[in-house]
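Nothing in this text is a laboratory measurement; each read-out follows from the coordinates by a stated rule. This is a predicted model, so every value here is computed, not measured. Cβ sites come from the backbone with ideal geometry, for glycine too, and all protein chains shown count toward neighbours.
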């Protein structure tokens, strides 16, 4: 499970360091969730095995969120292109930006 991303962020998350500013929203969520798992372990509230299980669960949730986030971003790009080009939906016509100003 030790992905390149985990290798990059997990040590700092385990130490409770501030989240890197260059992470996208799914990676930011992963970072803070890892911080929570490590803080709970360090507080003695869970065992090492439970911490590992939580970490696996957190990472699996991250992968699902990342896939949905990537799909959302792609749809946004497509819609932005459509808006720039102009399009019709039913009886409503959306004009290109420059045609809208004239």
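Looking at 18, 11, 26, just one residue is out of contact with any strand residue (DSSP E or B) (no Cβ under 7 Å at 6 or more places or on another chain), without any contact (Cβ under 8 Å) to a residue 60 or more places away in the chain, in a helix (DSSP H, G or I) and exposed (fewer than 13 other Cβ atoms within 10 Å of the Cβ), and that residue is 11. Within this structure, residue 81 fails the test of being surrounded by 12 or more Cβ atoms within 10 Å (Cβ to Cβ) and out of contact with any helix residue (DSSP H, G or I) (no Cβ under 6 Å at 6 or more places or on another chain).
Can you say whether residue 49 is surrounded by 10 or more Cβ atoms within 10 Å (Cβ to Cβ) and either without any contact (Cβ under 8 Å) to a residue 60 or more places away in the chain or under 13 Å from the mean Cα position of the chain (by Cα) (or both), as far as the supplied structure shows?
Judged against the criteria, residue 49 is not a match.
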